[in-house]
Amino acid sequence: MSVVDDIKDKLDVVAVIGEYISLQKTGRNFKGLCPFHGEKTPSFIVSPERQSWHCFGCGTGGDVFSFVMKKDGLEFGEAVHLLADKAGVALSQSYGDRARDKENQKLYEINEAAAQYYHHVLVNTPGGQVALTYLEQRGINRKTIDDFQLGYSLDSWDALQKYLTGRNISELESVGLVVKKENGAFDMFRGRIMFPIRNRRGNVLGFGGRALSNDGPKYLNSPQTKIFNKSNIIYGIDRSHASIRQQDMVVVVEGYMDVLTAHQYGVSNVVAFMGTAVTQNQVDTLSRIASNIILALDSDAAGDEATLRGIEVCRQALEHSKSKRPSKAGAGSSVQMDIRVVTLPSGKDPDEIIREDVELWKKAVDESLPVVEYLFKVVAAEYDLSKTKERSAAAQRLIPIINDMSDNIQREIYIKKLGELLGVSETTLTVMASSARSAKANARPKQQAPKAKGDKLEEHCLCLLLSNPYLYDKCGELSGQYFSHIDNRYIYEVWRDNPETFTEDIDGSVQDHLESLLSAILPSATASVCEKELAVCVARLKERYDKKQQEEVCERYDEGYIEAAEGAQEVTKVDEELKKGFNQVRKNKGD
């Protein structure tokens, strides 16, 4: 039994959901107002027999995990940890994760102790008054200071060391709080306003420090450690992720103060990247929780190379996700991710605009440009389009961007716009685009192969996919909804998002289950045999899913949510799907 099944066995879905909404017993089931859409007549049903829930108003449903994930805006792993605590289930981990997580926990604890100390110095001691005054002058109120646990490091060589007397110098050095030299050790941060930097679970990974004097760099971040890696870190994600998921939109700004001010004024879907360079890891993290990413750029940086590189990283990451990730609606429809750019008025940053007029900020975000249009604007300003050579260079710059778009209609539209911009025929640009796509396809490296196994239908399907990477392009009809076990669904969806590095993204709570899938050896078979076997698995999974849908239609009828004629029509529709699925299974098996 997997840890997920163990948790579900120990929890009652009625009791868990009953902690969030009021439920009343009606026959075999419980009924209440759906928490996911506004309604006056209850259409939200919880079934204790199936340990599942379904809303006949908005059409959503699932098990206890999917409810908590949707209601609290959690990732799968976060929901596992929350419900494991509620169920009293100890989460085991596989191979090297146990030792690594134990070590990481110690590092988190050291940083948390330092964060508490810095915060205490800021708000409770005379030494922190100068920093407190500065923050007040910048318009940061006490609630925001407490919410983000802002602090102050005294202008002392060893104040932190003296406070954390229970920690040796090597421990403090391991998280970048102390620097060791031949003549001794000194505190890394001195005379700075301290910004604790946390991951989504709220663990303190490191710090950013802003100087109040002109000595040294204006901002100083923790050095690279086992838990602090600037390429992975997003400031404010711990306080923003639920709002980002709810709004399906994240706004990326450039500084700590921008994030603080935004949250203080009720704009809670705002985060900042660490450092000047945007990384693939940061964009991948955001793309898992939002379909819309908006970059809010200082006007002074709108056309510089670092900014354009950041935009390009975001664009490529999102286009990569579009091409590989089916939407939540199921197989066959791609995720419609979007990246836009908002350029702020000259000399203004988000912090200033939000404090002056939060509605003006919201308007600027609403009027942000699609990234391709923004790049058209930048390129048009950079090149002298009256010269043939410059027009050619502009085309060479923009065609790869258009080619990367997953939507054929959008590609055609932007080819036409590029022709109008450059005064070049669409035919010429289409030929250039086609040649560029062919060259890129020929240069594309083949995917690396993971290994696999399983025994049940769902697990066998996973094993086929994990051990035969060439089957990735053959699973377009396989929806995550077809997996009834949420840990199998979770593994499939993480693999589907990035088959080459998915093992690095899998939450530790399902590592044991994943290891069992990866540890077995499937019988050797040709590619055509594996494809046929996968087709049978997909058809059977769909057939099982359709049967479940049939049961739900019948339940809707029993509960009085559909009339007899409508119910008969829906049952007929599902029956046709089941018949089609049954025939597909026979066809795939060669019967």
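Numerical summary
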{"read-out": "Failed item, numbered, when ILE294 is tested on (1) modelled with pLDDT of 90 or more; (2) part of a helix (DSSP H, G or I); (3) closer than 18 Å to PRO345 by Cα", "value": "(2)"}
{"read-out": "Positions within the range 173-188 being under 28 Å from PRO126 (Cβ atoms), in contact (Cβ under 8 Å) with a residue 24 or more places away in the chain and touching a helix residue (DSSP H, G or I) at 6+ places or on another chain (Cβ under 7 Å), in sequence order", "value": "VAL175, LEU177, ALA185, ASP187"}
{"read-out": "Test: residue in the range 377-396 that is surrounded by 14 or more Cβ atoms within 10 Å (Cβ to Cβ), closer than 30 Å to MET257 by Cα and in contact with a strand residue (DSSP E or B) (Cβ under 9 Å, 6 or more places away or on another chain)", "value": "yes"}
{"read-out": "Qualifying residue in the range 161-169 (condition: in a helix (DSSP H, G or I), among the β-branched types (Val, Ile, Thr) and not assigned by TED's automatic domain parsing to the domain that holds ALA272)", "value": "yes"}
{"read-out": "Hits in the range 466-482 - residues which are more than 12 Å from CYS530 (Cβ to Cβ), part of a helix (DSSP H, G or I) and out of contact with any helix residue (DSSP H, G or I) (no Cβ under 8 Å at 6 or more places or on another chain)", "value": "ASP473"}
{"read-out": "Filter pass, ASN214 being farther than 23 Å from THR133 by Cα and modelled with pLDDT under 90", "value": "no"}
{"read-out": "Residue in the range 411-429 that is at pLDDT below 90 and within 25 Å of the chain's Cα centre (by Cα) present", "value": "no"}
{"read-out": "Condition met for ILE140 (more than 35 Å from the chain's Cα centre (by Cα), hydrophobic (A, V, I, L, M, F, W, C) and more than 21 Å from ASP215 (Cα to Cα))", "value": "no"}
{"read-out": "Residue in the range 149-159 that is of a type outside the set (Val, Ile, Thr), free of Cβ contacts under 8 Å to residues at least 12 places away in the same chain, exposed (fewer than 14 other Cβ atoms within 10 Å of the Cβ) and outside the structural domain of LEU260 (by TED's automatic domain parsing) present", "value": "no"}
{"read-out": "Search result, residues across the range 443-479 that are modelled with pLDDT of 85 or more and among the aromatic types (Phe, Trp, Tyr)", "value": "TYR472"}
{"read-out": "Residue check, LEU74 touching a helix residue (DSSP H, G or I) at 6+ places or on another chain (Cβ under 9 Å), at pLDDT below 80 and buried (at least 20 other Cβ atoms within 10 Å of the Cβ)", "value": "yes"}
{"read-out": "Among (1) closer than 30 Å to HIS81 by Cα; (2) among the acidic types (Asp, Glu); (3) touching a residue at least 12 places away in the same chain (Cβ under 8 Å) - the single one ASP505 does not satisfy", "value": "(3)"}
{"read-out": "Any chance ARG245 is out of contact with any Leu (no Cβ under 8 Å at 6 or more places or on another chain), crowded, with 18+ Cβ neighbours inside 10 Å and either under 30 Å from PHE76 (Cα atoms) or not assigned by TED's automatic domain parsing to the domain that holds TYR265 (or both)", "value": "yes"}
{"read-out": "Selection from the range 521-548 of residues that are of a type in the set (A, V, I, L, M, F, W, C) and either over 19 Å from TYR470 (Cβ atoms) or at pLDDT 85 or above (or both)", "value": "VAL529, CYS530, LEU534, ALA535, VAL536, CYS537, VAL538, ALA539, LEU541"}
{"read-out": "Search result, residues across the range 106-126 that are buried (at least 16 other Cβ atoms within 10 Å of the Cβ) and more than 16 Å from GLN161 (Cα to Cα)", "value": "TYR108, LEU122, VAL123"}
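Table: residues versus (1) assigned to a helix (DSSP H, G or I); (2) at negative phi; (3) outside the structural domain of GLY62 (by TED's automatic domain parsing); (4) under 21 Å from the mean Cα position of the chain (by Cα).
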| position | (1), (2), (3), (4) |
| --- | --- |
| SER484 | no, yes, yes, no |
| ARG489 | yes, yes, yes, yes |
| SER509 | yes, yes, yes, yes |
| GLU531 | yes, yes, yes, no |
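The values are calculated or read from the model by the stated rules, or taken from the named source; none is laboratory data. Because the structure is predicted, anything quoted here is derived from the model rather than measured. So basically every Cβ, Gly included, is an ideal-geometry build from the backbone, and we count neighbours across all protein chains shown.
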